[in-house]
Amino acid sequence: ISYDSYIQDNPALELILNNGPCVTWILDMRTLHFSFLSKNVLELFGYDTQTFSENGLNYFNQIVHPDDAAPTWHRVMQNWQYLMALPPFQRKAQKLNSRYRIIKPSGKITQVLEQSSVLQLDDRGNVTHLMGVCSDISLLEKIEDEILATEPFIRKTMDVDAPINVVTQAILSKRELQIVKLIA
């Protein structure tokens, strides 16, 4: 299947994949090049789609934060070994998740959640294509930090220079926080 052509031939699908809140991709595991990469990669991460398409996964490796490169690849290799140890009929049901930071062209560091799954297998059960989404979770981390702080501020008076009293209370339970993360 030519995924790029398939997506282009389906305007509604192309609109959804290119304008969503995350970068969507299909990676050909045989060549380590993207069969499809949503056009919003420039808007969300600051890099143009063509550069990724021409250079494949190697280019991606250049933008991962240096402190995250080795641990991320270690997790990816562990996930891949686990996936390949499964019987072929179980491989498509697996979801792979990874969290790491990338460095935007501006130098800004962005926290990314990558979620991928097996899209296609060949006749022998080998994975030929992965489909994934990458979401900028930097804002979520800030919200999570605020929620975890669980210290809403209450002002005694309307005077903006007045001292702030801190009242400690749990805003969300641990499980509610997990659900918020999953929804995001």
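Pairs Lys95/Lys181; Lys104/Lys181; Lys104/Lys174: which exceed 28 Å Cα-Cα? Violating the 28 Å Cα-Cα cut-off are Lys104/Lys174. For the stretch 1-131, the Cα-based Rg and Dmax, in that order, read 15.0, 44 Å. Counting charges near Val127 (Lys, Arg +1; Asp, Glu -1) among other residues having Cβ under 11 Å from its Cβ returns a value of +2.
Please express the Cα-Cα pair-distance distribution P(r) of the stretch 24-79 as a list of whole percents, one per 5 Å bin, running from 0 to the bin with the greatest distance. Taking all Cα pairs of the stretch 24-79, the binned fractions are 4, 17, 26, 25, 21, 7, 0 percent.
Laboratory data are not the source of any read-out in this text; all were calculated from the coordinates shown. Remember, predicted model here, so these are calculated numbers, not experimental data. Cβ coordinates were reconstructed from backbone atoms using ideal geometry, including for glycine residues, and neighbour counts include every protein chain displayed.
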